[in-house]
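To start, the structure under review is shown below, and the notes come after it.
The values are calculated or read from the model by the stated rules, or taken from the named source; none is laboratory data. Quick caveat, the model's predicted, so the values are computed rather than measured. All Cβ positions, glycine included, derive from the backbone under ideal geometry; neighbour counts span all protein chains shown. Side chains included, ligands, DNA and RNA excluded: accessible areas come from the protein's heavy atoms. Shrake-Rupley method; radii C 1.70, N 1.55, O 1.52, S 1.80 Å.
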Amino acid sequence: MTDLLLEPTTVPMETVYCMPQALGSQPTHYCPGCTHGVAHRLLAEALDELNLRERAILVAPVGCAVFAYQYFEMDGCEAPHGRAPAMATGIKRVQPENIVITYQGDGDLASIGAGEILHAAARGEAITVIFVNNAIYGMTGGQVAPTSLTGQRTVSSPFGREGVPLQMSELLSVLPGAAYIVRRSLHNPANIRKAKKAILTALKVQQAGLGFGMVELLSSCPTNWGLTPPQALQWIETNMLPAFPVGDYKVLDAVKEL
Amino acid sequence: MSRELLKGNVAIAEAALRAGMTAYFGYPITPQTELLEHLARRMPELGRTFLQAESEIAAINMVYGAACTGVRTMTSSSGPGISLMQEGMSYIAASDLPCVVVDVMRGGPGLGNILPSQGDYFQVTRSAGHGDYHPIVLAPASVQEAVDLTILAFDLADHYRHLVILAADGLIGQMMEPAELPPMRDLSDERPAYALTGAKGRAPRRIASFYLQAEAEEAYNLHIQARLARIRAAEQRSTEYFTEDAQLLVVGYGSAGRIALSAVQKLRAQGVPVGLFRPISLYPFPEVRLRQLAAQVSAILVVEMNAGQMLEDVRLTVAEHTPIHFYGRMGGAIPVPEEIENALLKLLPTEVLS
C-alpha cells in the first residue's frame, strides 16, 4: 500500500482547458477529421472572451452545419439554403443591439446564396459571417461546388471540375459596405490560432458597427474528399492554399484601431 | 376618424403600420408597388424598419428573420414575386411564426401582365410552398375591407402563430375609394416567449423546422394539422346578399364578387330570385355556410377572374348535391355585370324567365 497516492493534493489546480460556455456539451454529428468542430470551438471561444454569448443570435445554414443552432448555447435559428444573410438582415435591422452571426458553407454561401451574401455585404449589414469553405458539397455526399478546384473529381464532376473556383473573399472585398473580409485556414495549429484572432476581430467589427464582416475558413472534408483526416489537412495546404490564398482582403482603417 | 380617398395599396400599407407593423421588407412589382413606396417614407418617419430587398426571395427571408424577433412584420408582392416567396413562406409556417404577406394578384401564368386577376388562388390557398399546411387567406372586395382585413391579418397571425396572406386582386390595389383608417396602435415592448433576443439570464431559444426522425416530423405535422383544425372551426368568414329566398346562388370573392353583386341586384330588380355568397376567408373556405345555402338553391354559379380555382373548393363543399356552373375571365380581363347576368339567365328555368 502506498499512502502517498491517497493523500489529497493541496495545490489548487489551474483550469487550462474547458468547454467554452457558448458551446453546448452535446456530441456533434460531424464526421471524424472534419474541421467544423474546430470552427465551432473558435467561434464559441471568441464569443466567451468578448462576453457576447448572451447577446448573440446564430443563423444556421442548410448544409453540414444545419444543426449548428443546436450546438451553440445561444439563441439560434435555421435559414433556408443560402438565405442566412437575408434572415440575419431581418434580425439585425429589428434588433441592432444583438450580435448576429451567420455560419455558412460554400454551397450555401457561394452557390445558392450568392445573391444574398453579395447584397448583405453591399448594404454593409453589420453582421458577422463565418464562411466554411471545403470546396465540396458535404451533406449531400460530395458534389462539385462553385469553390471546387479546377480538375477536382467529385461525384457530380467525375471527369474533373471545369472552370475555376469562385473566390468569395476576393469578390466581396471590393464592396464599400464590407468592413472586414479575411481568409484563414484550419489545417494546422499556427493557422488555427490566426483564424481565432480573425473571428475575434470580426465580432469586434460588429460590436463597433463598422459594417459587414466575414471570415472565410479553409476547411477539410475527409469523407467526401476520400482521404484520411491527416491527408485531408495536407490536401488543404497542397491544393486549396494556392487557389485560396490566406490573407486580409478588406480591413477598414477603423478596424485596425479596434 | 373620417373617411379619406385612398388607393388600395396605400390603404393596406397605412393600415399595416397602424396595426403595429415594426418591420417591412419588399421588392417592387406592379400592381403592388405603391404599397412599398408608401412604407419607404412612413416607416423611417416612425423609426421603424423598411428595407427594399434585392429579391422577393431575400424579402421573405428578411421577414422570416424579423418574425424570429417576435415583432409584427410583413412583405407584399404580386404573382411572380409570390412564386419566389414560396420557399420562405413554407419555412415561416413550419417555424410557427406569425407574419403577413400581401398578394396583389396580376394576370399570369409566366410574366403575364400587370392587370387584375385572381389567378393566384391555388398558389395562396393550397400550401404557399412545400409541405402540408395552408396559410390563412383573406380576400377583400373594397378598399375599406382591405384596411379591415389587414388589421385582422396581423391579429390572426399573432393569435395562431401562423402565416396570413391578404389576397387582393389588382383592382383592389389600384382603385381609389373612400375608406376609414384605424387609429394608430401602440407598439408593445414585450416580446413573445419564442422571440430570439439573446439568451441573457435564460436558456437559449431555437427556431427551426428540422426533424430528422419520421416520428418527430409526423408529430410536428400533426401539431400543424391540429392548429388548422382550430382555424377551420373558428375563422370561416363570408358575407351574403339576397340569399334568404334565393333559388340561384352566385359565389364570388374579391372584385369578382363585387361585380357579381351588381348583376345580382339588377336581376333582383327584375324579380329573379338570385343571391350572392362572397367568401372573405379563402382559407379556411367558408364551407359551413355555403353548404347550408347550397341545400336551398337549385344551381350555383361560381364567378372568378381565373379559369376556375375556387370552383374546386365549391365542388368539394357542395359535392354533387347542387349543380355547379362557372363563369370566369382570365389574363387581366375583368367581367362586366352584364356578362354575369347572361351567365345566370342561362341557368334559369323558362318559367322563371317569363
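Results, tabulated for the structure shown:
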quantity: Fraction of accessible area attributable to carbon and sulfur, chain A (%, probe 1.4 Å); calculated: 58 percent
quantity: GNM top mover of B:G81, B:G20, B:G201 - chain B, alpha-carbon springs below 10 Å; calculated: B:G201
quantity: Extended-chain gain in nm, criterion 0.36 nm per residue less alpha-carbon gap, B:Y211 and B:Q270; calculated: 15.1 nm
quantity: Set of lysines near A:K92 by C-alpha distance (under 18 Å), chain-local residues within fewer than 8 positions excluded; calculated: A:K204, B:K200
quantity: Residue (of B:S55, B:Q213, A:A202) at the positive-pole extreme of the protein assembly as shown, dipole from beta-carbon charges; calculated: A:A202
quantity: Computed label-point distance, nm, for sites A:A114 and B:H325 using a 7 Å Cα→Cβ extension; calculated: 5.5 nm
quantity: Between 0 and 90°, nearest 10: helix B:79-94 axis offset from chain B longest Cα axis; calculated: 60 degrees
quantity: Residue-averaged beta-carbon neighbours from other chains (10 angstrom radius) around A:91-101; calculated: 6
quantity: Rounded tilt (10° steps) of B:214-234 against the dominant C-alpha axis of chain B; calculated: 50 degrees
quantity: Computed helical MRE - 222 nm, chain B, DSSP H runs ≥ 4 contributing -39500 (n - 2.57), nearest 500; calculated: -13000 deg cm²/dmol
quantity: Carbon and sulfur %, accessible surface of chain B computed with the full protein complex present, 1.4 Å; calculated: 53 percent
quantity: DSSP beta bridges in the protein assembly as shown [antiparallel fraction, %, rounded to 5]; calculated: 25 percent
quantity: Fraction of beta bridges assigned by DSSP in the stretch B:238-353 that are antiparallel (%, nearest 5); calculated: 25 percent
quantity: Computed [θ] at 222 nm, deg cm²/dmol, chain A (DSSP H ≥ 4; -39,500 (n - 2.57); rounded to nearest 500); calculated: -9000 deg cm²/dmol
quantity: C-alpha center-to-center spacing [the stretch B:239-310, the stretch B:84-113] in angstrom; calculated: 27 Å
quantity: Rounded accessible area of B:L46 (nearest 10 Å², 1.4 Å probe); calculated: 70 Å²
quantity: Gained length - B:E312 relative to B:Q292, 0.36 nm times residue gap less alpha-carbon distance; calculated: 5.4 nm
quantity: GNM flexibility winner over chain B from B:D245, B:D132, B:D313 (Cα, springs under 10 Å); calculated: B:D245
quantity: Antiparallel bridges, percent of DSSP beta bridges restricted to the stretch A:28-256 (to nearest 5); calculated: 20 percent
quantity: Accessible surface, chain A, averaged per residue in Å² (probe 1.4 Å); calculated: 42 Å²
quantity: Interface B:A - total buried accessible surface [probe 1.4 Å, Å², rounded to 100]; calculated: 2700 Å²
quantity: Candidates B:Q236, B:Q292, B:Q309: whichever shows maximal mean-square fluctuation once chain B is modelled as a Gaussian network with Cα springs under 10 Å; calculated: B:Q292
quantity: Accessible area (Å², per residue) of chain B, counting only protein heavy atoms and a probe of 1.4 Å; calculated: 38 Å²
quantity: Residue-span extension gain [B:L187 to B:R126] - 0.36 nm each, minus C-alpha spacing; calculated: 18.7 nm
quantity: Candidate residues B:L111, A:L52: accessible-area rank, largest first, probe 1.4 Å; calculated: B:L111, A:L52
quantity: Computed over chain B, Cα set: Rg, Dmax in Å; calculated: 20.8, 79
